[in-house]
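All remarks here apply to the structure that follows.
The values are calculated or read from the model by the stated rules, or taken from the named source; none is laboratory data. In this text, all values refer to a predicted model and were calculated from it rather than measured experimentally. When we count neighbours, we look across all protein chains shown, and the Cβ atoms used for this are built from the backbone with ideal geometry, even at glycine.
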Amino acid sequence: MPAHVTLQPSGHRFAIEAHETLLEGALREGYGLPYGCRSGACGTCKGQVLSGQVDLGDYQVGALTSTEIAAGKALFCVAKPVGDVVVEARVVARVKDIVVRKMPVRVEEIRRVNHDVAVLRLKLPANETFRFLPGQYIDFLMPDGKRRSFSLASTPGDGNLLELHIRHYPGGTFSRFVFEELKPRAILRIEGPLGTFFLREDSDKPIIFLAGATGFAPIKGIIEQALAQGCQRQMVLYWGVRTLEDLYMAELAGQWQANHANFTFIPVLSQPAADPPWPGRTGLVHEAVLADFSDLSGFEVYACGAPVMVDAGKRTFTQTRGLPEEAFFCDPFTIATDPGKPATAG
């Protein structure tokens, strides 16, 4: 007999098979729960088990601590119910109408924008429909069965082209392939769109975007879509990188600021060169936000980048600046270390 899962506070109830995780069962039934990596690494799907028991599955310690486990927390992307369970989870309504599909794509362009970032543009099949929300990601389906996940930097208004920002990680198999072997017109296979990192359009709160390195990619898509639709919410983008060269699309962000009174761009360098001297902000990007805002209780924050940056932002914003936890949306770029698990990178 299948177990049953009840989602609170919505009250939705559905049957789940023994082989399914809580997330898989919910998505199959059309209930969009927040998620990112789907491998127990990023913590986006973390939720409370109100009653019943779950098998916690395989997860990375940084994503689920022993203290959280003792408090009844679980990662819904890897946890499986042991009998009937009741869990606390927000249902993301906009995901319900998004169809996840597998399809071939053709490499249209590979353009290096600095020493370690390439902009990859993929052309969708002419007779295929690929509907996505800016900020979501896709999986590349590799011949060896592994997956590599990358955020979309484009918007649905870009026609049948998908834009990705690929950073060349030392030892990264896929990024090395992109930088050293991949050629235009090559055919790759993808699955998507995936994830729940996208703008909540039912809110009128001002927005702070927190981007680290190529965490700029999905935020770029979100901002471009919002500006194109005439969004009047106040938006501030903090983009943290090491050096000036790492701001690989600073001119674009500067154009947004010049053309839209409700948008502000604040680049932050953690290791600026001494010559020429950098006149702007320095240090850790989340600390720049803390310096500028004493109260975040009326804001929403969208953060994307390295887990250490995302975690520091969430912890300090919620604990010291009054940001509600439900107003913090994130997509940590995690690198899977276990064989067979997908890696997420920008």
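Some notes on this structure:
- Within segment 315-326, the residues that satisfy the criterion of being surrounded by fewer than 21 Cβ atoms within 10 Å (Cβ to Cβ) and of a type outside the set (Ser, Thr, Tyr) are Arg315, Gln319, Arg321, Gly322, Pro324, Glu325, Glu326.
- All of Phe140, Phe150, Phe177 fail the test of being surrounded by 14 or more Cβ atoms within 10 Å (Cβ to Cβ) and touching a residue at least 60 places away in the same chain (Cβ under 8 Å), apart from Phe150.
- Some residue of segment 49-72 being assigned to a loop (DSSP other than H, G, I, E, B), within 30 Å of Gly172 (Cα to Cα), touching a residue at least 24 places away in the same chain (Cβ under 8 Å) and under 19 Å from the mean Cα position of the chain (by Cα): yes
- The set of residues from segment 6-39 being in contact with a helix residue (DSSP H, G or I) (Cβ under 6 Å, 6 or more places away or on another chain) and either surrounded by 23 or more Cβ atoms within 10 Å (Cβ to Cβ) or part of a loop (DSSP other than H, G, I, E, B) (or both) comprises Gly30, Gly32, Leu33, Tyr35.
- Qualifying residue in segment 233-240 (condition: at pLDDT 95 or above, surrounded by fewer than 18 Cβ atoms within 10 Å (Cβ to Cβ) and outside any helix (DSSP H, G or I)): yes
- Of the listed requirements (1) touching a residue at least 12 places away in the same chain (Cβ under 8 Å); (2) touching a strand residue (DSSP E or B) at 6+ places or on another chain (Cβ under 8 Å); (3) assigned to a helix (DSSP H, G or I), Gln257 misses just one: (1).
- Out of Thr155, Thr196, one residue alone is closer than 30 Å to Leu290 by Cβ, of a type outside the set (Phe, Trp, Tyr) and under 21 Å from the mean Cα position of the chain (by Cα). It is Thr196.
- Considering residues of segment 282-311 that are small (Gly, Ala, Ser) and in contact with a Leu (Cβ under 7 Å, 6 or more places away or on another chain) only, the residue surrounded by the fewest Cβ atoms within 10 Å (Cβ to Cβ): Ser297
- Criterion violated by Gly192 - all others in (1) buried (at least 16 other Cβ atoms within 10 Å of the Cβ); (2) farther than 26 Å from Val91 by Cβ; (3) not assigned by TED's automatic domain parsing to the domain that holds Gln271 satisfied: (2)
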